[in-house]
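Okay, so here's the structure we're looking at.
The values are calculated or read from the model by the stated rules, or taken from the named source; none is laboratory data. Predicted model only: the values in this text are computed from it and were never measured. FYI the Cβ positions are ideal-geometry reconstructions off the backbone, even for glycines, and counts take in every protein chain you see.
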């Protein structure tokens, strides 16, 4: 018997525009709903399920950890915290300068911690009202502080007054950044996503990233890079900014770090590693034994299975397939992104494609109203990428052939 799935439970706050789908289980990059319908998962839990579903190495490791201890307070040492922290500092290239890591549970928490670090950095220098440069179309979370740093008036609406202390600039315009901060002694940091996820898969150019790094060094600002969505191997390097050959001072992480188990982290270099002292910041669930085991195992499996190279190779294959299938299609502005973080920018709002794709057996999302977002697990194969193209591109073409609503 087919189960009817309500779009929202009567006892759950209506905070998500859910599709009438309830997932039951998964294997690799495929999932099944409670009615037995199969889907190719092109969303990966929104860039979370790094290793796909039911990975044969990750699942036994988590079962082992659950049978030992799931949670303990940060009043006590948690051995895998140090193991994972050291690994992240090393992957970020910050070991030689004494880099350190703070653990939390979500990307929002990681970004909030980064904002607090920047303010404390300023106050420690005698700046009473520190200001942080942020970007148009950015998305850093939904707490009041991270919402204030976000560059989306739609998600900010109804939650004012927002937190002050942010200077907003456009992407990839070093002249605009210099002009917006000229003569301002209160600026303490520049905060951005290497590739904006919710903002529409908008990438910072490598040359611009290098220019910002130079400016931060010259003016003693923190370079804070939000790698929550574009990090953890998604672009073919551990962190997307590494394509520009730069290093951050502060780097929030989350999403793919635990391959589905909630983890957030802030990795800090020499300028910021020792700003927080006991009592300055903390969190109950951050860095608990289960989350740390998930992080340690996820990175180890990624290394063993060559998933960074796979993300680069299969991502390029998927992008080329989408470009070829949609070439010359009126209404397709651009296929953009890097590795397995891709967006198809259309010339009109296309939210209906999430349901249509699901009906056809493909899970995806639409972001910035008109960008189809694909962020599948890093285990995706070329054959599975070809399936995505075969399902999605006819849907896009049919959608664009429809009359545009007045």
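Tabulated values for the structure
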quantity	calculated
Test set (1) in contact (Cβ under 8 Å) with a residue 40 or more places away in the chain; (2) more than 22 Å from the chain's Cα centre (by Cα); (3) surrounded by fewer than 18 Cβ atoms within 10 Å (Cβ to Cβ) - residue 384 fails condition number	(3)
Residue that is modelled with the highest pLDDT [pool: residues in segment 18-36 that are in contact with a helix residue (DSSP H, G or I) (Cβ under 9 Å, 6 or more places away or on another chain) and assigned to a loop (DSSP other than H, G, I, E, B)]	29
Residue ID - nearest to residue 314 (Cα to Cα), chosen from residues in segment 351-389 that are in contact with a helix residue (DSSP H, G or I) (Cβ under 6 Å, 6 or more places away or on another chain) and part of a loop (DSSP other than H, G, I, E, B)	380
Some residue of segment 211-233 being in contact with a helix residue (DSSP H, G or I) (Cβ under 6 Å, 6 or more places away or on another chain), part of a helix (DSSP H, G or I) and within 16 Å of residue 134 (Cα to Cα)	yes
Residue within segment 239-253 that is farther than 19 Å from residue 190 by Cα and assigned by TED's automatic domain parsing to the domain that holds residue 194 present	no
Lone unmet requirement of (1) crowded, with 22+ Cβ neighbours inside 10 Å; (2) in contact with a helix residue (DSSP H, G or I) (Cβ under 8 Å, 6 or more places away or on another chain) for residue 325	(1)
The one condition in (1) under 28 Å from residue 232 (Cα atoms); (2) in contact (Cβ under 8 Å) with a residue 60 or more places away in the chain; (3) not in a helix (DSSP H, G or I) that residue 142 fails to fulfil	(2)
Residue 70, sole failed condition from (1) within 20 Å of the chain's Cα centre (by Cα); (2) assigned to a loop (DSSP other than H, G, I, E, B); (3) touching a residue at least 24 places away in the same chain (Cβ under 8 Å)	(1)
Flag for residue 216 being surrounded by fewer than 24 Cβ atoms within 10 Å (Cβ to Cβ) and modelled with pLDDT of 95 or more	yes
Number of positions in segment 239-256 that are crowded, with 22+ Cβ neighbours inside 10 Å, touching a residue at least 60 places away in the same chain (Cβ under 8 Å) and assigned to a helix (DSSP H, G or I)	3
Boolean, residue 148 is free of Cβ contacts under 8 Å to residues at least 40 places away in the same chain, under 26 Å from residue 212 (Cβ atoms) and part of a loop (DSSP other than H, G, I, E, B)	no
Conditions (1) in the same structural domain as residue 298 (by TED's automatic domain parsing); (2) out of contact with any helix residue (DSSP H, G or I) (no Cβ under 7 Å at 6 or more places or on another chain); number of the one not met by residue 64	(1)
Close pairs (8 angstrom Cβ cut-off, 6 or more residues apart or separate chains): free of Cβ contacts under 8 Å to residues at least 24 places away in the same chain and not assigned by TED's automatic domain parsing to the domain that holds residue 240 in segment 335-356, in a strand (DSSP E or B) and buried (at least 22 other Cβ atoms within 10 Å of the Cβ) anywhere	335/342; 335/343; 335/344
Tally of residues being in contact (Cβ under 8 Å) with a residue 60 or more places away in the chain and in a loop (DSSP other than H, G, I, E, B) across segment 313-334	3
Yes/no for residue 236 being under 30 Å from residue 309 (Cβ atoms), at pLDDT 95 or above and crowded, with 24+ Cβ neighbours inside 10 Å	no
Meets criteria (in a loop (DSSP other than H, G, I, E, B), within 25 Å of the chain's Cα centre (by Cα), surrounded by 17 or more Cβ atoms within 10 Å (Cβ to Cβ) and touching a residue at least 40 places away in the same chain (Cβ under 8 Å)) for residue 50	yes
Residues located in segment 173-192, provided they are more than 24 Å from residue 269 (Cα to Cα) and either crowded, with 19+ Cβ neighbours inside 10 Å or touching a strand residue (DSSP E or B) at 6+ places or on another chain (Cβ under 9 Å) (or both)	176, 179, 180, 184
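Let's see how each residue does on (1) at pLDDT 95 or above; (2) surrounded by fewer than 18 Cβ atoms within 10 Å (Cβ to Cβ); (3) outside any loop (DSSP other than H, G, I, E, B):
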residue	(1), (2), (3)
262	yes, no, no
267	yes, no, yes
272	yes, no, no
284	yes, yes, no
287	yes, no, no
290	yes, no, yes
293	yes, no, yes
299	yes, no, yes
